[in-house]
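Each remark here refers to the structure printed beneath this line.
The values are calculated or read from the model by the stated rules, or taken from the named source; none is laboratory data. This structure is a prediction, so every number in the text was calculated from the model and none was measured. Cβ sites come from the backbone with ideal geometry, for glycine too, and all protein chains shown count toward neighbours.
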Amino acid sequence: MNWGKILLGTRLEKTVSATFLQSWTNLVMKGLRPGDGVAIEAGKIAHRASNGLVRQLLKSKCDTLLMLDSDAHVTPDFVERFRSVEAGGDYDLLQAFYVRRGWPPEAIWFKWAGEPGGDMMKMFVTEPNFTEDVAAIGTHAVLIRRQVFEKLLGDNSPDDHDWFYYPRGGTTTEDVQFSLDAGAAGFKLGATTAVTAPHLAEVTTGWDTYQNYLEVSGQKMLLDRYEQLGKLIATFTGETVQAVVAKAMRGSENVKAAWDAAQPDTATAIKAFYGAADNGYLYDLLAWNCTQSYQEVIAPLYAMRDKYALVIGAGLGVEVDALLQGGNRVDLIELTGVLRDFCMTRFAERDVSFLSHNGTSKKDSYDLIVAVDVLEHIHPDEIGDTLADIYNALAPGGILHCHNNWKQQDLYPMHFDHSAVWTAFVKGKFEQIGAYQWRKL
C-alpha cells in the first residue's frame, strides 16, 4: 500500500523561524511528486487549523495528508523518504519520530500499557530504522490516509465536522483523541524512526551570542531578505506581512492555480496572465528569491561594476537592486501589469529606466543582459525573436547572465521547454565563462 498523492499541510504559527521557512520552501519546490499538493492554515489555534487542513484534503484530489508543524526542521527529501518507508505502507496513520519541544527531550511514542483502550505509556525509543504499532500519533509530522477522515466524517457535513477536538471535561489532547477515534474505527496506527522531524528548539543566549548565531547560521540573511521583500509586497498590495509570507510558503501553488484557471494558450494571453494582479506571481517569486539556490544564481551580479545593464523580466527587482549596488547603469523590462507596477513602486526614487517589452532593440548597447528564469515563460511563437533581440542588443564581448528552468512542468505548467532552441542559440555565438554566464563572441 502506498500513500498515493500527498497533500503537504502545515499549521502556520504566528511567529515562524527563518529555518522553517527555508525548509518549507525546499519541500514545496524540490520535495514533492507530480500530483502532490500544498495546504496552509494560518491564524488559527491548533485543532481548528488541523480541521482546516482536513477540509482542504477532502476538496483536493490527494490521497493522503502529511501534517507538518511550522516548528519542524526537515531536509528537502523529507516527504520522499517518509512516503517510502518500507514498513509504513501497512499503516493508515504513520508518525515520523520526534521529541517534544523544550528540555529535556522526550520521544512522542505511545504504546498501550495493556489492552487497547486502556492506559497509555510513553516509551523510550533506541532502535533506528524501526517501525511499529502505536496507541496514538502526534500531529507534528504524520501521514494520514484520506479514508480515515472520510470514515470518521460519516454522513456529517465536512464544513461543520471536527476530526480534532477536546472532549468535554476531559484532559486528552486533540491528537490523542483523534487517534482514539481512528483506532476505534479500525484503522492501524504506527510510528517510525526511519525518518525524523526535529523540533526547532529555543536557546537562551545573550545579545552578542544571539547576533553571532544569526550571522553564522545564515538565518539573518534569510530573515532580512524575507523581511525586506515581504514588507515591500505588503505595502504594494495592502496586505499584512504575515499574510504575504503565508502565501509565499505555498510556492508554485500560487501561480499554478491561477494558470490552471486561466489556461492561456497564445502569446498575447500569456502576457496578459503575467500582468494580472491575481496571478499569484508576487508570492511565488518571494519564495524563490529567498532561497539559497536563487542567491547562488545571482551572486556574480553583486561583483559587476560600471556596466550598462539590461534586466529582462525583473520580477521583484532583486537583480536590479544587486546591480545598482555596484554602481551600474540599469534598464529594466517587465511586462505591463502587476510586476512592472511593483518595480516602478520599488525603484521610484532610483536611477532605473523602464523600457517596453521590445526595448531590446537597442543594437550593441549593453555590456550585460540579465535574464534569470525568464525565457521558459515565453511562448514558442516568440522565443526565436526574443533571443535574436537579446543577441543584437548585447555589445560584442558583452555578458549574458542567464538561468533557465526548462523542466518542472508539474509544478510550473507555464514553463516551455526551449532547451533545443537555446542550445542552437548559444552555439557558435557565445563562449560560456561561468555557470550562468556567456560572453558574446
Is one or more of the residues making up the stretch 85-92 more than 27 Å from the chain's Cα centre (by Cα) and small (Gly, Ala, Ser)? yes
Going by the conditions given, is Asp331 surrounded by 15 or more Cβ atoms within 10 Å (Cβ to Cβ), among the charged types (D, E, K, R) and part of a strand (DSSP E or B)? yes
Any residue at all in the stretch 347-370 that is part of a strand (DSSP E or B) and under 26 Å from the mean Cα position of the chain (by Cα)? yes
Would you point out the residue of the stretch 393-411, among those that are in contact with a helix residue (DSSP H, G or I) (Cβ under 7 Å, 6 or more places away or on another chain) and of a type outside the set (A, V, I, L, M, F, W, C), that is farthest from Lys307 (Cα to Cα)? Asn405
Of Leu189, Leu152, the only residue that is among the aliphatic types (A, V, I, L, M) and crowded, with 21+ Cβ neighbours inside 10 Å is Leu189
With respect to Val320, is the statement that it is part of a strand (DSSP E or B) and either of a type in the set (A, V, I, L, M) or over 30 Å from the mean Cα position of the chain (by Cα) (or both) true? no
Would a scan of the stretch 376-389 turn up a residue that is assigned by TED's automatic domain parsing to the domain that holds Val318, surrounded by fewer than 16 Cβ atoms within 10 Å (Cβ to Cβ) and polar (S, T, N, Q)? no
Enumerate the pairs (first residue in the stretch 314-331 and farther than 16 Å from Leu355 by Cα; second residue anywhere and surrounded by fewer than 22 Cβ atoms within 10 Å (Cβ to Cβ) and among the basic types (Lys, Arg)) with beta-carbon separation below 6 Å, excluding pairs fewer than 6 apart on the same chain, so at least 6 apart or on different chains. Gly326/Arg305; Asn328/Lys307
Subset of the stretch 268-285, residues touching a residue at least 40 places away in the same chain (Cβ under 8 Å) and surrounded by fewer than 14 Cβ atoms within 10 Å (Cβ to Cβ), comes to Ala277
Of the candidates Val85, Val99, the one satisfying the condition of being touching a His at 6+ places or on another chain (Cβ under 9 Å) and β-branched (Val, Ile, Thr) is Val99
Any idea which of (1) modelled with pLDDT of 80 or more; (2) exposed (fewer than 13 other Cβ atoms within 10 Å of the Cβ); (3) closer than 29 Å to Thr126 by Cβ is the one Glu202 doesn't satisfy? (1)
With respect to the numbered conditions (1) surrounded by fewer than 21 Cβ atoms within 10 Å (Cβ to Cβ); (2) outside any helix (DSSP H, G or I); (3) at pLDDT below 90, which one is the sole condition not fulfilled by Arg250? (1)
Subset of the stretch 141-179 (residues that are in a helix (DSSP H, G or I) and either within 15 Å of Ser50 (Cα to Cα) or in contact (Cβ under 8 Å) with a residue 60 or more places away in the chain (or both)): Arg146, Val148, Phe149, Glu150, Leu152, Leu153, Glu174, Asp175, Val176, Gln177, Phe178, Ser179
Output yes when any residue across the stretch 418-431 is out of contact with any Pro (no Cβ under 6 Å at 6 or more places or on another chain), closer than 30 Å to Gly31 by Cα and without any contact (Cβ under 8 Å) to a residue 12 or more places away in the chain, and no when none is. yes
For Leu400: the one exception among (1) buried (at least 19 other Cβ atoms within 10 Å of the Cβ); (2) outside any strand (DSSP E or B): (2)
Is it the case that the stretch 298-305 has a residue that's of a type in the set (Phe, Trp, Tyr) and either closer than 28 Å to Asp417 by Cβ or not in a helix (DSSP H, G or I) (or both)? no
Restricting attention to the stretch 209-237, and to residues there that are at pLDDT below 65 and either of a type outside the set (Ser, Thr, Tyr) or within 18 Å of the chain's Cα centre (by Cα) (or both), which single residue is farthest from Leu68 (Cα to Cα)? Gln211
Going through the stretch 152-176 one residue at a time, which ones are over 24 Å from Lys59 (Cβ atoms) and either of a type outside the set (D, E, K, R) or touching a His at 6+ places or on another chain (Cβ under 8 Å) (or both)? Tyr166, Pro167, Gly169, Gly170, Thr171, Thr172, Thr173, Val176
Under 6 Å by Cβ, and 6 or more places apart or on different chains, what pairs join a residue from the stretch 287-313 that is closer than 19 Å to Gly398 by Cα with one that is of a type in the set (Phe, Trp, Tyr)? Val297/Tyr436; Tyr308/Tyr366; Leu310/Tyr366
Gly337 passes all but one of the listed conditions (1) touching a Lys or Arg at 6+ places or on another chain (Cβ under 7 Å); (2) small (Gly, Ala, Ser); (3) more than 21 Å from Asn405 (Cβ to Cβ); the exception is number (1)
Note: among Val311, Val352, just one is within 21 Å of Ile378 (Cα to Cα) and either assigned by TED's automatic domain parsing to the domain that holds Ile378 or surrounded by 18 or more Cβ atoms within 10 Å (Cβ to Cβ) (or both), namely Val311
